[in-house]
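The values are calculated or read from the model by the stated rules, or taken from the named source; none is laboratory data. All values reported here derive from a predicted model rather than from experimental measurement. Please note: Cβ atoms are built from the backbone with ideal geometry, for glycine as well, and neighbour counts cover all protein chains shown.
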Amino acid sequence: MNQRIISFSLMITIYSALTFYIGWNGWVWLHSAFGLQDKWIYGFIVGLISFSYLIGYFLKKMAIFKVVGAYWFGFLQYAVLFLPLANLVALILIVFNFPAIAVVNWIGGIVFSAFLIVFIYGSYNAYSPIVRRFSISIPNQAGNLSKLRIAMASDMHFGRLSGLEHARRLVREVNSLNPDIILLPGDIIDDDPEPFIQKKMGDVLKGLSAPLGVYGVLGNHEYYGGGIPRFLQEMERIGITILLDDVITIADSFYLAGRKDKTDRNRKSIAELLSDKPLTLPILMMDHQPSDLIQAEKNQVDLLLSGHTHRGQMAPNHLITRRMFEVDWGYLKKNQLHTIVSSGFGFWGPPLRIGSRSEIIQIDVSFKESK
C-alpha cells in the first residue's frame, strides 16, 4: 500500500512539474504578446484544465471535465514535443542578440499555429473514416460458401466525444459495403456504458445489417468501465451478439470464435477455446489485442481480426506500438494465418489522429469451392 502511495505521489509530482512548464511557456507568450497580467487566475485555469480528466473520473455527472481533459491530453503530448524545441531556438536567437520580446512573440505565434494545425488536421482524421479493403484466400471448403464479405470496425469508443453522429457514420458506411457479416472486435464503448445508453446510441447501432449477423467481443475498455453486465444487456437488446470465449458455427460454413480480452485473467487460451472443434471448417477469430498470433497460427486459425493499437493514434506513438506488437496495423500472413489489425473507427482521449486515420475494414474472403 505504501509503495502505491509513493508511486502515485511521484507520478503526480512529475505531472505537476510538466504542467507548470507548459503553463509557464504559455504565460510568457501571452504576457509578452497580449499583455496578460493576472498570473494567479491564469495559473488556476491551467491547473483546472490539466486535472480535468481526473476530476471528471470522480464527478461522473459533470461530463465537461472529461471532455476538457481528453483534449488536454492531446495538447500535452504535442506541448512536450514542441516546447523544448521552441525554447532551444528562442535561446539561440537571444544569445545571438535578437530582441527577446520579438523572439518570444514570433516563436510563440509559430507554436500556437502548429497546435492549430495539429488540432484541425487531427480532428479531420478522427471524424472522417475511410474504408480499407483486403482480399484474402482461405484454401478450405466453407460449406456452400465460396466467398464472404466481412465488414469490420474496432475501437469505436462510443461515449461522449465519439458520439451519435459518429455512430451514424459507422452504420451508414458499413451498410453501404453490403457485407455478409459484421464483426466488431472490441472497445465498442469508452469505459462507462452510461453515456452510450443515455444518448440512445444503441438504437443507432441497431441499424447495422448483414445476412449472417453482427458479432463483437469485449475490449479492455469495456472492462475498465466496470459495467459489462449492463453493456451486454444493451448489446442483446439491439441484436449484436457478444462472444465471450465462445465458438459458434455460421451458416454451417465456418467457425466464428470470439475471445475475452487479455484484461480478463480467466479467459481461455486459444487451444482451450478450439479444443472440441474438428478442423473441418475455416476458423475466423476476433481477439481485441493482437498479442497471440503464434498461438492462433499453431491452432489452425485462418483469419484473426484485432484492433486495440489505434496505430498509436497520434504520431510518433506508432513507433511504440510497432515495437509492442508483431503487427500493430494492417495485414500479416503467417503460414495459413491471415491477421488484420485495424487502427480503429473511434479514438481514446482526444478526438485527434495524426499519422493514423479512423477506418472501417472490408475483407473479401474466397474459400476453396466444394466439388
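Of the candidates I248, I238, I270, the single residue that is touching a helix residue (DSSP H, G or I) at 6+ places or on another chain (Cβ under 6 Å), without any contact (Cβ under 8 Å) to a residue 40 or more places away in the chain, farther than 21 Å from G163 by Cα and assigned by TED's automatic domain parsing to the domain that holds I340 is I270.
If only residues of the range 213-253 that are part of a loop (DSSP other than H, G, I, E, B) and at negative phi are counted, the one that is nearest to the chain's Cα centre (by Cα) is G219.
Number of residues in the range 339-354 that are out of contact with any Ser or Thr (no Cβ under 9 Å at 6 or more places or on another chain) and at pLDDT 95 or above equals 1. Which residues, counting only those in the range 41-79, are in contact (Cβ under 8 Å) with a residue 12 or more places away in the chain and of a type in the set (K, R)? Across the range 41-79, the qualifying residues are K60, K66. Restricting the search to strands (runs of 3 or more DSSP E) fully inside the range 275-365 and requiring at least 1 residues that are surrounded by fewer than 20 Cβ atoms within 10 Å (Cβ to Cβ) and in the same structural domain as S154 (by TED's automatic domain parsing) gives 330-334.
Considering only the range 122-138, I want to know if a residue exists there that is more than 30 Å from F254 (Cα to Cα) and touching a Ser or Thr at 6+ places or on another chain (Cβ under 6 Å). Scanning the range 122-138, I find at least one residue that is more than 30 Å from F254 (Cα to Cα) and touching a Ser or Thr at 6+ places or on another chain (Cβ under 6 Å), so the answer is yes.
Scanning for something modelled with pLDDT under 95, within 27 Å of the chain's Cα centre (by Cα) and surrounded by 15 or more Cβ atoms within 10 Å (Cβ to Cβ), does the range 146-159 turn up at least one residue? Checking the range 146-159: at least one residue is modelled with pLDDT under 95, within 27 Å of the chain's Cα centre (by Cα) and surrounded by 15 or more Cβ atoms within 10 Å (Cβ to Cβ). Total residues in the range 100-147 satisfying the condition of being out of contact with any Pro (no Cβ under 9 Å at 6 or more places or on another chain), among the polar types (S, T, N, Q) and within 26 Å of W29 (Cβ to Cβ): the figure is 2.
Annotation note: of L76, L85, L116, L81, the sole residue that is more than 30 Å from I363 (Cα to Cα), over 27 Å from the mean Cα position of the chain (by Cα) and modelled with pLDDT of 95 or more is L85. You will find that of N175, N220, the residue that is in contact with a Gly (Cβ under 9 Å, 6 or more places away or on another chain), touching a residue at least 40 places away in the same chain (Cβ under 8 Å), surrounded by fewer than 21 Cβ atoms within 10 Å (Cβ to Cβ) and not aliphatic (A, V, I, L, M) is N220 and no other. Taking the criterion of being closer than 16 Å to D261 by Cβ and either in contact with a Cys (Cβ under 8 Å, 6 or more places away or on another chain) or surrounded by fewer than 15 Cβ atoms within 10 Å (Cβ to Cβ) (or both), the residues of the range 225-243 that qualify are G226, P229. Counting only helices (runs of 4 or more DSSP H) that sit completely within the range 1-87, those holding 3 or more residues that are in the same structural domain as A114 (by TED's automatic domain parsing), touching a helix residue (DSSP H, G or I) at 6+ places or on another chain (Cβ under 8 Å) and hydroxyl-bearing (S, T, Y) correspond to 2-34, 52-58.
Inclusion of L184 among residues that are at pLDDT 95 or above, hydrophobic (A, V, I, L, M, F, W, C), outside any helix (DSSP H, G or I) and farther than 18 Å from W348 by Cα is not warranted.
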